[in-house]
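For reference, the structure discussed in these notes is given below.
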Amino acid sequence: DGISAWHSWPTIGVLLIIAATAIVAVRTFAPATLPDTVPWNLVTVAAAGLGTILVILRAITASPGGPGWSGYALFIFAIVLTVVAAMNFRASGEKIPEFKNSKPDA
């Protein structure tokens, strides 16, 4: 009773969803303010996806009554945000950055 998305570790999930939404808003209304060297579509997909997973897992495992209407609304919003971000990432042609090993091979 009285458990929301702001209790325990889903707080991180909600903050990730908010961050992904903020990135989308900044890229839409003020794209020149973000550096071009960061793969923003990938960052958005990762933040939205991880946030969505954390929030849904908490709802499944936390209360026997399940989430209320606002929980389901959050699920729908977060899933749509993740899917649209993934489609935008795919359409953008961005690649996942490769991390090179700094040590020489033996």
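Where does helix 10-29 land angle-wise versus the long Cα axis of the chain, in degrees 0 to 90, nearest 10?
In the chain, helix 10-29 runs at an angle near 50 degrees to the longest axis.
How high is the relative contact order of the chain? Use alpha-carbon pairs under 8 Å, at least six apart in sequence, and give a whole percent.
33
All of the numbers you see were taken from the coordinates with simple rules; none came from a lab. This structure is a prediction, so every number in the text was calculated from the model and none was measured.
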